[in-house]
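Let me begin by presenting the structure, written as structure tokens, before commenting on it.
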Amino acid sequence: MGGIGIVLNPRSRRNLNDPRAAVRLARALGDHGVVRTAQSREDLARIAEDFRKLSIDVLGISGGDGTNHVTITGFLEVYEDQPLPPIAFLRGGTMNTVANAVGVPRGGPEGLLAGLIARYAERSHHPLRWVERHVMQIGAHYGFIFGTGCVHGFIAEYNRSEERNALWAAKVLARASAAVLLEADTQVAARWEGRVHFEDGSAFPDRDYLAVAAGTVDQIGLGFRPFYRYSERPETFHMLGIHTSALGFVRKLQDVWRAQPMGEAHTFEKLAQRAVLEARSGVVHYVCDGDVHEHVGPLTVRIGPRVKILVEHRPGHHPTRRRVLRAARAPHDGVPRGLGAL
């Protein structure tokens with residue numbers, strides 16, 4: 001049957017504040033597809049089975065980074081070796097780092113969906129445009145951004161407040177940076193202890209790290225771009241072992257913002273297909289696309305499949321020069337050639 005299939009997470013913060021979002025999206029979508037609400041991972045598996053049988057042309061996701069990665073994980077498990085349809089991130093959550101990183105237009109779910117429907121209706125004359133990015137398989141999850149240590153500490157602090165938005169995230173970062181400069185304690189600067197070894201026999205040594213982090217997109221949030229080598233070599237992710245002090249890292253934030261290396265005195269770097277993290281404590285506390293997890297025993301991070309992400313949702317919309325240049329640095333992008341609570 002084709003069409004657009006949309007998964008909506010009713011428990012994303014934005015959708016909790018707007019309980020009629022699913023009804024409005026369904027009304028807007030009309031005969032172009034179907035909207036399904038996922039209350040649980042079991043719901044998500046059933047939706048993925050239905051969408052696969054319907055052979056949907058586009059998978060829309062109304063949620064933030066957490067919803068996106070949980071939905072992609074569920075669909076990859078159901079689709080197995082069959083490629084996922086192109087994905088439309090509709091920015092239905094408060095954290096949309098991946099959508100920002102790949103160049104998805106700004107806007108809310110209804111506006112982005114309206115543009116998507118218009119593009120979908122004229123796709124025979126103006127094909128849909130997408131970029132391709134690998135996901136990483138992180139234990140049982142699939143996502144674009146991974147982090148331990150201060151990355152986990154930052155998200156834990158961010159989640160303490162009901163006020164979860166970009167302004168609150170900036171406040172958390174500013175307060176943590178101030179605490180570091182004043183030599184005060186902050187959980188955001190909590191370190192990770194352990195080692196990381198890679199498929200080629202190399203390793204990040206056993207020691208304490210401010211963070212071990214990796215990405216298949218350049219950004220990690222608030223416009224910071226630590227994974228500047230994410231597209232340097234096909235079939236790899238960019239992993240960092242940040243071993244500098246918290247103060248040393250704060251002093252390097254400008255370089256991270258500019259997608260510049262922090263230097264060997266501050267961090268180890270590796271382009272890898274597979275990494276195994278072994279925590280001294282025996283438990284790896286980590287973040288996958290904004291969601292916090294813990295894993296008992298060694299945690300394996302490996303490169304996963306490539307997925308297509310739609311980046312042009314409006315008729316006549318053309319990417320900015322910055323987005324074009326960023327896409328050009330990535331492995332050949334398709335032109336066609338952003339349920340965390342579940």
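Please list the non-local residues whose amide H lies under 5 Å from the amide H of Tyr209, H modeled 1.01 Å from N, same-chain partners needing a gap of 5 or more.
Under 5 Å from the amide H of Tyr209: Trp192, Glu193, Gly194.
Leaving ligands, DNA and RNA out of it, report the carbon-plus-sulfur percent of the accessible area of region 202-307 at a 1.4 Å probe.
On the way: 2170 of 4360 Å².
Accessible surface attributable to carbon and sulfur in region 202-307 totals 50 percent.
Accessible area per residue of region 205-284 at 1.4 Å probe, in Å²?
Values: 3320 Å² over 80 residues.
For region 205-284, the per-residue accessible area is 41 Å².
Along the Cα-to-Cβ line of Ser245, 7 Å from the Cα, sits a label point; which residues in region 187-212 have backbone N less than 11 Å from it?
none
At Ala203 and Arg123, where each label point lies 7 Å from the Cα along Cα→Cβ, what is the point-to-point distance in nanometres?
Calculated label separation equals 4.8 nm.
Quick check: at a probe of 1.4 Å, how many percent of the accessible area of region 5-159 sits on carbon and sulfur atoms? Walk me through the numbers on the way to the answer.
Details: 2800 of 5830 Å².
The computed percentage sits at 48.
Using a 1.4 angstrom probe, figure out how much accessible area region 61-154 has per residue, in square angstrom, rounded to the nearest whole.
Values: 2760 Å² over 94 residues.
Value returned for region 61-154: 29 Å² of accessible area per residue.
Taking the mean number of other Cβ atoms within 10 Å as a proxy for protection, how do you rank 252-259, 213-220, 87-94, 137-144 from highest to lowest? Mind dumping the intermediate values first?
Values: 252-259: 15.2, 213-220: 25.2, 87-94: 27.1, 137-144: 22.1.
Most protected by this proxy first, the peptides run 87-94, 213-220, 137-144, 252-259.
First select every other residue whose beta carbon is under 14 angstrom from the beta carbon of Glu49; then total the charges, Lys and Arg +1, Asp and Glu -1. Working shown, then result.
Details: positive: Arg36, Arg41, Arg46, Arg52, Lys53; negative: Glu42, Asp43, Asp50, Glu77, Glu80.
Local charge sum for Glu49: 0.
Show the residues, 5+ positions off or on another chain, whose built amide H is closer than 5 Å to the amide H of Lys308.
Ile87
The values are calculated or read from the model by the stated rules, or taken from the named source; none is laboratory data. On a predicted model such as this, the values are computed, not experimentally measured, just so you know. Glycine gets a Cβ as well: all are built from the backbone with ideal geometry, and neighbour counts include every protein chain shown. With ligands, DNA and RNA removed, areas are computed over all heavy atoms of the protein, side chains included. Shrake-Rupley method; radii C 1.70, N 1.55, O 1.52, S 1.80 Å.
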